[in-house]
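Visitor: Okay, here's the structure, questions in a sec.
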Amino acid sequence: MAEQDPSAPALFDVSALTPTTPSFMDLEDPNYAYMFGFLQTDGHLSQGTGQKGRLSAEINARDIHILYEFQRLTPYYSFVTERVRTTNFAKQHHSATWSLCALEARTIINELGIPYGKKSWAIRPPRVEFSRPDYLRGVVDADGSLGWTAEGIPFLSFTSASTALAAYLCHYTKKITGAERSARRNARDQVYVITYYKEQAQQLAAHLYYPGCLALDHKKANAASIQTWVRPEGMKISPKRRWKPREDRILLARDSPAIAAVELGRTEKSCSLRLWRLKAGQVPLPTKTPTHL
């Protein structure tokens, strides 16, 4: 082998100048983080005999563009199909489905946190590093809504059966908006419904739906639309009234939100939530308990 002339220019690796492509489902990549959040909440991973199985996501055909983006991002064979069928909500429901069967791809997705079979109660945020706003935007696109109330107030809401996911959303959005929310299942169907209104909804929507992000077109348009809302003159911002140790002691002693509400000058709903949080250990108990109140 001929020796290189020391006076010749040093050779360099041309491939070092080529941007690296993120590996499939690298959740630090914004597009994969969004895709994973969407599939975790609105996808389905099924397992057949042997090594057979399928990951699929079925959505309204108006949003088919996002399924083609998933197909583009996936370096394994996948396909998109459409169908029209009768449902409980419409005589002709036009839907689109993205399907992926490759075992290697399914294994990667399963290990990241999408279980086989029913998953709504079991899913949780990834345990690896991930792009948080993109992951949550995927979750909101799949299982949330944003837009305007009937009264013309902007809102952003999220629905889930997963305690871990609901708690994480409350934790993350508090950092963005300062709004404190407690994850509580509703009485009707035992799911969490967490909603933000007005400026808080605007802040959260602007944070999640930034320019150029991957998202459902109609939700991206709604996120931009609610930014036009301006608080009407005369609409007051209710100051947050913090709970004092003395109030906590009274609430615990009465053990009745209705009775404590009258005594403390608070709403029964506020007292009920605070009492539950005290008993559940979500907030610390008052340190000193006097013999009389």
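The values are calculated or read from the model by the stated rules, or taken from the named source; none is laboratory data. Note that the structure is a prediction, hence the values are computed from the model and not measured. Neighbour counts are summed over all protein chains in view; Cβ atoms, including those assigned to glycine, are modelled from backbone coordinates with ideal geometry.
Visitor: Quick check on my filter: what residues within region 74-118 are in contact with a helix residue (DSSP H, G or I) (Cβ under 8 Å, 6 or more places away or on another chain) and within 23 Å of Ala166 (Cβ to Cβ)?
Guide: Across region 74-118, the qualifying residues are Ile109, Leu112, Gly113, Ile114, Tyr116.
Visitor: Looking at region 33-56, which of its residues are in a strand (DSSP E or B), within 25 Å of the chain's Cα centre (by Cα) and either at positive phi or buried (at least 18 other Cβ atoms within 10 Å of the Cβ) (or both)?
Guide: Of everything in region 33-56, those that are in a strand (DSSP E or B), within 25 Å of the chain's Cα centre (by Cα) and either at positive phi or buried (at least 18 other Cβ atoms within 10 Å of the Cβ) (or both) turn out to be Gly43, Leu45, Leu55.
Visitor: Let me ask another. Let me confirm something: among Lys118, Lys52, Lys91, which residue is of a type in the set (Lys, Arg) and touching a residue at least 24 places away in the same chain (Cβ under 8 Å)?
Guide: From the options Lys118, Lys52, Lys91, the qualifying one is Lys52.
Visitor: Whether any residue in region 126-137 is part of a helix (DSSP H, G or I), within 14 Å of the chain's Cα centre (by Cα), acidic (Asp, Glu) and in the same structural domain as Ala215 (by TED's automatic domain parsing) is what I want to check.
Guide: Yes, there is a match, as at least one residue in region 126-137 is part of a helix (DSSP H, G or I), within 14 Å of the chain's Cα centre (by Cα), acidic (Asp, Glu) and in the same structural domain as Ala215 (by TED's automatic domain parsing).
Visitor: Suppose the filter is aliphatic (A, V, I, L, M), farther than 16 Å from Gly144 by Cα, buried (at least 17 other Cβ atoms within 10 Å of the Cβ) and without any contact (Cβ under 8 Å) to a residue 60 or more places away in the chain; does Ile194 pass it?
Guide: Considered against the rule, which asks whether it is aliphatic (A, V, I, L, M), farther than 16 Å from Gly144 by Cα, buried (at least 17 other Cβ atoms within 10 Å of the Cβ) and without any contact (Cβ under 8 Å) to a residue 60 or more places away in the chain, Ile194 comes out as no.
Visitor: Let me ask something else about it. Considering every residue within region 223-238, establish whether at least one is more than 23 Å from Gly178 (Cα to Cα) and basic (Lys, Arg).
Guide: No, because not a single residue in region 223-238 is more than 23 Å from Gly178 (Cα to Cα) and basic (Lys, Arg).
Visitor: In region 206-223, how many residues are part of a helix (DSSP H, G or I) and closer than 23 Å to Ala57 by Cβ? Steps first, answer last, please.
Guide: Start the filter on region 206-223 by keeping residues that are part of a helix (DSSP H, G or I), which leaves 206-208, 217-223.
Now restrict to residues that are closer than 23 Å to Ala57 by Cβ: 208, 217-223.
Count: 8.
Visitor: For region 67-96, which residues satisfy the criterion of being among the aliphatic types (A, V, I, L, M), loosely packed, with under 14 Cβ neighbours inside 10 Å and not in a strand (DSSP E or B)?
Guide: Ala90
Visitor: Could you list all residues from region 151-182 that are in a strand (DSSP E or B) and surrounded by fewer than 17 Cβ atoms within 10 Å (Cβ to Cβ)?
Guide: Ser157
Table: residues versus (1) under 19 Å from Ala33 (Cβ atoms); (2) in a helix (DSSP H, G or I).
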{"position": "Ser99", "(1), (2)": "no, no"}
{"position": "Glu104", "(1), (2)": "no, yes"}
{"position": "Asn110", "(1), (2)": "yes, yes"}
{"position": "Lys118", "(1), (2)": "no, no"}
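Visitor: Might you let me know whether region 66-86 holds any residue that is modelled with pLDDT under 95 and of a type in the set (S, T, N, Q)?
Guide: Yes, region 66-86 has at least one match.
Visitor: Restricting the first residue to region 245-261 and requiring it to be over 15 Å from Leu285 (Cβ atoms), which pairs with a second residue that is acidic (Asp, Glu) meet a Cβ separation below 6 Å and a spacing of at least six or different chains?
Guide: Final answer for the pair search is Pro257/Glu268; Ala258/Glu268; Ala261/Glu268.
Visitor: OK, next. Of all residues in region 245-293, which are at positive phi and at pLDDT below 80?
Guide: Result: Gly265, single match.
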